1. Size of the dipole of the range 162-232 about the Cα centre, Lys and Arg at +1 and Asp and Glu at -1 on the beta carbon, nothing else charged, in debye to 20?
2. Any idea what angle helix 19-34 forms with the longest principal axis of the chain, computed on alpha-carbon atoms, 0 to 90 degrees, nearest 10?
3. Which percent, nearest 5, of DSSP beta bridges in the chain are antiparallel?
4. Hey, if we sort L46, L221 by accessible area with the 1.4 Å probe, largest down, what's the order?
5. Restricting to DSSP H runs of at least four residues, report the calculated mean residue ellipticity at 222 nm for the chain, -39500 (n - 2.57) per run over all residues, nearest 500 deg cm²/dmol.
6. Test of the criteria: in the range 175-232, which chymotrypsin sites (Phe, Trp or Tyr not before Pro) are in a DSSP loop and have at most 14 other Cβ atoms within 10 angstrom of their Cβ?
7. When only the heavy atoms of the protein chains count and the probe is 1.4 Å, how do T167, T100 rank by accessible area, highest first?
8. Rolling a 1.4 Å sphere over the protein heavy atoms, what is the accessible area per residue of the chain, to the nearest Å²?
Amino acid sequence: GYFLAEKFDELQQVQQVPVVFSALNHFCAEVCRRGGSVLDNMRDRLREALGTDGNVLVGLIPNLSNIIEEYQGAADTSPELTGQAAFMLLLFCFRQLIRTISCPEHPAVLLLDDMQWADELSLQLLEAVTTDDEIKSFLVIACYRDGEVLVDHPLQQRLGAIHRAGTVLSEIHVDNIGKESVTRLVSDALRISPSQAHPLADLVHSKTSGQPLFVIQFLKLLSDEGLLRFSL
């Protein structure tokens, strides 16, 4: 299978290249790195699925050209499309690409983090592939801060549209972790017993309220500042 991952940036909500395409660009680079039969098989499948229309994606996914290289320049003979027609062709090619890289023999998982900052085009692309009945072996994991995604948020609206289209959605709400879990985390990280870890774990929990990311960052900070160090 294939695992693709990318995250959105609060400071770059207007992306030159949508985050979804950035993830696929890394995927194409990985296929080229593997080479051999993996590259040959993917090249044959993509050429059959995209034809010369693959050039529509090359500008957004540069590493794709290393797979369907023989079609470079073919766009010069294709009719020039603009506006809605160009956008529909882009969606078609994008769906064809996802259909090709995800199948029962090699399913694909796409992890998108910080989707509260997702750009509009990425949301449209996400809806296009998650509502496509011909895409069967593709799992999207969309992570976001629910406190920042209210009813009128673009992501919430897209999720509603995806649900109405019949796509199965599973929501997992992740809460902060309790003192006992922080104690186990500190115990494991420092290779000490839970009873030894308990005083520090209490401090860490009071400083972070059990937010997992903050717990880890706080422990790293203590180590970086020399306040947490190995001792016999």
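1. On the way: 7 positive and 7 negative charges, 15 e Å.
Taking the Cα centre of the range 162-232 as origin, the dipole is about 80 debye.
2. It works out to around 80 degrees.
3. Numbers: 1 of 12 bridges.
Given both bridge residues lie in the chain, the antiparallel proportion sits at roughly 10 percent.
4. On the way: L46 0, L221 80 Å².
Largest accessible area first, the list is L221, L46.
5. Details: 9 runs with 116 residues, N = 232.
So the helix-based figure for the chain works out to -16000 deg cm²/dmol.
6. Working: sites: F214, F218, F230; in loops: F230.
Listed in order of number, the matching sites are F230.
7. Working: T167 35, T100 10 Å².
Greatest to least solvent exposure: T167, T100.
8. I get 60 Å² per residue for this part.
The values are calculated or read from the model by the stated rules, or taken from the named source; none is laboratory data. Since the model is a prediction, treat every value here as computed from it, not as a measurement. Positions of Cβ are generated from backbone atoms using ideal geometry, with glycine treated the same way; all protein chains shown enter the neighbour counts. Please note that ligands, DNA and RNA were not included when accessible areas were found on the heavy atoms of the full protein model with its side chains. Shrake-Rupley method; radii C 1.70, N 1.55, O 1.52, S 1.80 Å.
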